[in-house]
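Enquirer: Have a look at this one before I ask anything.
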Amino acid sequence: MRKYQQLALVLLSVTCVVILLVYKSENNRLKYVLEVVNIFGRNDAASLIRIDNSTRLHSSPYDFDSPLPAWQRLGDGFYVYSSFWQKNELAAGGTVISIAVGLEHAAVNFKCQVQHGTGDIATGKLHFVRLDHPTGSIKPPNSEVFVVYKLLCKVARDFGQPTEVIFTDTAQSIKRYVPLRVLESRSVQQKMTMTACVDMTDYLELEEEFRMPSAVLQYFLHHQIVGVEDFIVYNSNALNGATSSLLYSHGIKINLLPYNFPFDLADKQQNRMLIEMDCQMRNYNAAKLTYIGAINEYLYPSSRLRVNNQFLKYAWKVSSDVSRFSLASRSVCIDKRKKIFSDNLLYDVDTQLSSPNERPFQVYKPQDYNRTAGTPDFVKTLDVDRSLVFVHRYGGKCSSKTNLHDWTVSLQPDFLQYVMDVGRELNKLIFR
């Protein structure tokens, strides 16, 4: 009996030692996590957001870059960028919506079919919407004149999940296959609050300050802190591997899209129209709100973009026929002594007055926008008061300006406090 008691004591001792070692190991791991997060040392909400984003980075259902779009030739003088499948709600079949451009005198001379994963092919009827040249846009001399189109391929039969739309040039009997992005139905609760479509097609034309990796990181971190949940970047060539890795390491969810535009990019307004169309289709049923902005345009809401934000309350309250909001903006000059762009306090009044036709900064409701066919004539827009949200366009040296004013003077104290809090958090994340 005594031998069994001794054996039991030995086993109990071994078990206690193993438990102690496991406890010590787990305790060390916990201490490491607390040091990384530093949750007791500072109020670092953005760090927790970045950790959450990192865990969802590769498992997000919002794969905005699948399938990858690319400008490809359909026929003589005709190119298509992306195609989207929208199923009919109450009947079989649906519509393929394709974003395309054609030279001014090129004819829309195509037939269309929809191919499914089962191998079945449904013949469709092709319609098109020709979007006129944006008002006020002036064509540079000797540049190619192109027209923006929405090509609509309507089919009345279902064969499962569609995978490609097939365009056939009737003049040459050549078939072109364009991959389809399926617009899935989601409840309001499943949708993200706000996403950003970042237009980097003229990235190289910006001042050097905005092309540095730290400046690119600053842009995305700023908007992540204020509540933007996902980013779609047009012109993946603008971000090199090192910059992309820097963004991913900070838990920023970006979707890089190529933009090999086939014509002269001198017409920026018309090119922006194309990006706007693709952005709205890609965010349809994925986000409640989205916007198209450049890398030097910073959004400043009065509080984080969540349930109690005043701008969001305003946006949800207006009728569904309003699908676009125009935000007030300022041209803020840059003092190189400032560490981050939001520390620049002076804006150029002369620029505001001399550029009344400057492209407005707009936020969209993608689902309502697409119901109006996404054409400017049918889109209802509301102006948003600066006390709810505003935009700063950074650029130009303050030393070269004369009529400068401090933009913080007219800001409500609680709004100013939030802007300062965002700036402090951004400083911590970039210069820690």
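Enquirer: Mind checking which residues of the range 323-336 are farther than 24 Å from V379 by Cα, part of a strand (DSSP E or B) and of a type in the set (D, E, K, R)?
Expert: R330
Enquirer: Only one of S54, S66, S98, S59 is modelled with pLDDT of 90 or more and either in a loop (DSSP other than H, G, I, E, B) or not assigned by the TED database to the domain that holds F167 (or both). Can you tell me which?
Expert: None of the other options fit; the residue is S66.
Enquirer: Hey, another quick one. Condition check: at pLDDT 90 or above and assigned to a loop (DSSP other than H, G, I, E, B). Does Y291 satisfy that? Talk me through it step by step, then tell me what you get.
Expert: Working: at pLDDT 90 or above: yes; assigned to a loop (DSSP other than H, G, I, E, B): no.
When the stated conditions are applied, Y291 does not pass them.
Enquirer: Pull out all pairs, ordered by first then second residue, where Cβ-Cβ is under 8 Å, the residues are six or more apart or on different chains, the first lies in the range 243-265 and is among the acidic types (D, E), and the second is surrounded by fewer than 20 Cβ atoms within 10 Å (Cβ to Cβ).
Expert: D264/P140; D264/S143; D264/E144
Enquirer: A further question follows. Looking at this structure, is S320 more than 10 Å from V391 (Cβ to Cβ) and in a loop (DSSP other than H, G, I, E, B)?
Expert: yes
Enquirer: Mind listing whichever residues of the range 82-128 are of a type in the set (D, E) and closer than 19 Å to N370 by Cβ?
Expert: Of all residues in the range 82-128, those of a type in the set (D, E) come to 89, 104, 120.
Within the range 82-128, just E89 meets the criteria.
Enquirer: For the range 222-248, give me each residue that is assigned to a loop (DSSP other than H, G, I, E, B) and either open to solvent by 20 Å² or more (accessible area, probe 1.4 Å) or within 15 Å of I292 (Cβ to Cβ) (or both).
Expert: V228, E229, N235, N240
Enquirer: Still on this structure, I have one more. G251: open to solvent by less than 10 Å² (accessible area, probe 1.4 Å) and modelled with pLDDT of 90 or more, yes or no?
Expert: When the stated conditions are applied, G251 does not pass them.
Enquirer: Looking only at the range 306-317, count how many residues are in a loop (DSSP other than H, G, I, E, B) and at pLDDT 95 or above.
Expert: Matching residues across the range 306-317 total 1.
Enquirer: Filter the range 388-403 down to the residues that are touching a Phe, Trp or Tyr at 6+ places or on another chain (Cβ under 7 Å) and either surrounded by fewer than 17 Cβ atoms within 10 Å (Cβ to Cβ) or among the β-branched types (V, I, T) (or both), then identify the one that is nearest to C333 (Cα to Cα).
Expert: Among those residues, the one meeting the criterion is V391.
Enquirer: Let me ask you something else. Filter the range 72-114 for residues that are within 29 Å of the chain's Cα centre (by Cα) and polar (S, T, N, Q); which is nearest to A286 (Cα to Cα)?
Expert: Ranking the qualifying residues of the range 72-114, first place goes to Q86.
Enquirer: Pull up the range 168-200, narrow it to residues that are outside any strand (DSSP E or B) and under 21 Å from L68 (Cα atoms), then point me to the one that is least open to solvent (accessible area, probe 1.4 Å).
Expert: Among those residues, the one meeting the criterion is M200.
Enquirer: Something else about it: Select, from T402, T381, the only residue that is assigned to a loop (DSSP other than H, G, I, E, B), at pLDDT below 95 and of a type in the set (S, T, Y). Don't jump to the end; show me each part of the working.
Expert: Working: T381 fails: assigned to a loop (DSSP other than H, G, I, E, B).
Answer to the selection: T402.
The values are calculated or read from the model by the stated rules, or taken from the named source; none is laboratory data. Just so we're clear, the structure is a prediction, and the values are computed from it rather than from any experiment. Don't worry about glycine lacking a Cβ; one is built from the backbone with ideal geometry, like all the others, and counts go over all protein chains shown. Protein only, heavy atoms only, side chains kept; ligands, DNA and RNA dropped before computing areas. Shrake-Rupley method; radii C 1.70, N 1.55, O 1.52, S 1.80 Å.
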